[in-house]
1. Please go through (1) of a type outside the set (A, V, I, L, M, F, W, C); (2) surrounded by fewer than 18 Cβ atoms within 10 Å (Cβ to Cβ); (3) at pLDDT 95 or above for Asp372 and return the number of the only condition it doesn't satisfy.
2. When the residues of the range 156-188 are narrowed to those that are surrounded by 17 or more Cβ atoms within 10 Å (Cβ to Cβ) and of a type in the set (Gly, Ala, Ser), which ends up farthest from Lys9 (Cα to Cα)?
3. Determine whether the range 294-304 contains at least one residue that is in contact (Cβ under 8 Å) with a residue 40 or more places away in the chain and farther than 19 Å from Glu416 by Cβ.
4. Hey, can you tell me all the residues within the range 215-237 that are over 17 Å from Glu197 (Cβ atoms), at pLDDT 90 or above and under 14 Å from the mean Cα position of the chain (by Cα)?
5. Would you say Gln168 is within 23 Å of Ser131 (Cα to Cα) and either of a type in the set (Val, Ile, Thr) or within 28 Å of the chain's Cα centre (by Cα) (or both)?
6. Residue check, Ala261 against (1) at pLDDT 90 or above; (2) part of a loop (DSSP other than H, G, I, E, B), all met but one. Which one?
7. Of all the residues that make up the range 320-339, how many are touching a Ser or Thr at 6+ places or on another chain (Cβ under 9 Å) and of a type in the set (Val, Ile, Thr)?
8. Does Gly362 meet the test of being free of Cβ contacts under 8 Å to residues at least 40 places away in the same chain, surrounded by 15 or more Cβ atoms within 10 Å (Cβ to Cβ) and over 18 Å from Ile450 (Cα atoms)?
Amino acid sequence: MPKTAAKAKTVFICQQCGNTSPKWMGRCPDCGEWNTLVETTLEPEPPTGRRGGLAPSNSAPQALPDIPADGYARIPVPMGELSRVLGGGIVPGSAVLIGGDPGIGKSTLLLQMCSMLAQRGVVLYVSGEESAAQIKLRAERLGITDQTLFVLADTHVESMMVHMQNLQPSLVVVDSIQAIYTETISSAAGSVSQVRESAAMLVRAAKAQNTPIFLVGHVTKEGAIAGPRVLEHMVDVVLYLEGERFHTYRLLRGVKNRFGATDEVGVFEMGAQGMSEVTNPSEVFLAERLPNAAGSAIAVTMEGTRPLLVEMQALSSTTSFSMPRRTANGIDFNRLLLLVAVLSKRVGLRLSDQDVFVNVVGGLTVEEPAADLPVAVAIASSYKNTPVAADVALMGEVGLSGELRAISQLSKRLNEAAKLGFKRAIVPRNSQRKLDGAPGSIEVIGVRTISEAIEAALIG
């Protein structure tokens, strides 16, 4: 007897993590998010054949030295900040996922990049959220009139693949992955299954044609790219465009890169003519600094391979409540609690009746432990109402015993501080001992404890 055709099955898929459940639940058992399970109909697999992969069925193993690497020279990007985050250019056939808050400038940055690369060949910009006329209005504002830049307003994946085959572009941009759909899945655009399958089809087509593709992704309220986590595993590079909407500066941060270093950062300024590069971000972030102000300290942090000087501000004020407040903007809140406890226990500052506020100037987010020392010194400066010397830069990780632990890439940090005119740098003593050489214009002061650092940094 002939076999009956398989029936479609209904399941509930979490829109945040992609977890599948046979019944609806208010809270996803995997990621813990509420009201994210959406009913989805799974189409049965065809009885013969399989979903295609990149490798043909007659593929065979090859010795590593015999594998040809021709055609994988990076495509240079005239925008240096973007090129740095990508690892030195765009790798042909690579898939790049870029996320960020609405209105942060993702489409503007990518349209400018398309205009630059349209000088080398045909570029296809696919928009599933805007019409072609809307994109032209933005292009006119940015001064983009390239004849080799093609715009496609469509949401159908199969149609996009046909145009990619016909145009043979040197670059494809899809804005956004949550707005497109494929006919092989019956669920609505933006669902987990649609996002996963649409992205997989586009990535396969791009790699088969050796064409780089950029996918724009929406973000959740927590800042992560919306949709299944498998989306980030499909692509080669994951970038985040960060910054406050009401600030002019934007940070493009790389969190995954199969072709280069991660944690690189590019700094841009949003203006009327689009995104412009900030070649010396340290100088920009310190431009409005008020020297000899209590509660201000200069930190030298590393963003990937780039040293950045940023201003750490702290404010300590007597609380009028039984529970003093702790507010952190730009640093980890738990890290602030740790530093307050160390200052209270090891240095003797009475912060139990003080509200403590810490802010990183410029909208930056600093995560590395080397920022511990400038934050702690800024808090002590505000508490004692004594300013930090204007020519001092600080860097070091603070331990629970009040000791300062060694940090990495000290030479790069000192060179950047010397370029901006700082005369002294307070660093952990262990790092100073391992230092090969420092710029002659800066004095390196090695300290063992946080108490010594505060004494050396504060005026008087």
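The values are calculated or read from the model by the stated rules, or taken from the named source; none is laboratory data. Treat the numbers as computed from the prediction; the structure is a model and nothing was measured. Here Cβ is always computed from backbone atoms with ideal geometry, including for glycine, and neighbour counts include all displayed protein chains.
1. Among (1) of a type outside the set (A, V, I, L, M, F, W, C); (2) surrounded by fewer than 18 Cβ atoms within 10 Å (Cβ to Cβ); (3) at pLDDT 95 or above, the lone unmet condition for Asp372 is (2).
2. Looking at residues that are surrounded by 17 or more Cβ atoms within 10 Å (Cβ to Cβ) and of a type in the set (Gly, Ala, Ser), I get Ser170.
3. Yes, the range 294-304 has at least one match.
4. Val216, Val237
5. Values: within 23 Å of Ser131 (Cα to Cα): yes; either of a type in the set (Val, Ile, Thr) or within 28 Å of the chain's Cα centre (by Cα) (or both): no.
Considered against the rule, which asks whether it is within 23 Å of Ser131 (Cα to Cα) and either of a type in the set (Val, Ile, Thr) or within 28 Å of the chain's Cα centre (by Cα) (or both), Gln168 comes out as no.
6. Failed condition: (1).
7. Selection size over the range 320-339: 1.
8. Judged against the criteria, Gly362 is not a match.
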